[in-house]
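Derivation of every value follows stated rules applied to the coordinates shown; laboratory data play no part. What you see is a predicted model, and the numbers here were worked out from it, not measured in a lab. Every residue, glycine among them, receives a Cβ derived from its backbone with ideal geometry; neighbour counts consider all protein chains shown.
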Amino acid sequence: QAVCPPPASGRSPILMSQALVSSSGPAGAVTPAGTLAAQNLALFEDVHATLSRLAVEAEHIRKSIACNDEGLRAEIEQIEQDISDEVHERKESFNKLCAEFEVFTHRKVEKVVQELDDFTKEQEGKDRARMRQLVDAMHDMDGLKLNFAALGGCWAHLSNAQTDPILAGSTVVPRQATPLVGGQTLREPSPSLSARGR
């Protein structure tokens, strides 16, 4: 801030008026012409001095106002610059925080999506494995049912041949082998076995 000039020195208007009154002498006094002329000259000199002093004081006041105004303007500009810098820094910090949060959110979302995808694939694999096991079990059950049915038919035919002599003397038509579980086959008894049993 600029240093303002000190006020100009000189007599005040009150002292000036007192000097004018004292120089004029007492009221009603008769002064010589020379003394009156000297007093008039002194009066005009005092007026000029007063005007000069007032002009100097006015100039000093104007300079002081200008100096103060310049200092205030500089302070205001500095404050505005500080506020602008602070706003800019806060905007940069906020934008940086938003960018970091966006990157963090995208990473978390991608991680969750990847985990869900892996979990879904794993569950699909387990479901397919269970389905294959169920299908294999159903096929095994169907084969076992067929084998048991063929075994029951052969056993019934064998029992009838043992108890009925007419059926025992009849020609038995060999049936095709029925596959069993484990690759084994089941065949009907031959007529020689039936006759040997009798």
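Under a straight-distance cross-link criterion of Cα-Cα below 19 Å, which aspartates and glutamates are reachable from K91, leaving out those fewer than 8 residues away in the same chain?
Once the sequence-local aspartates and glutamates are set aside, what remains near K91 is E80, D82, E100, E102.
Using 7 Å Cα-to-Cβ label points, what is the R132/K91 separation (nm, one decimal)?
6.3 nm
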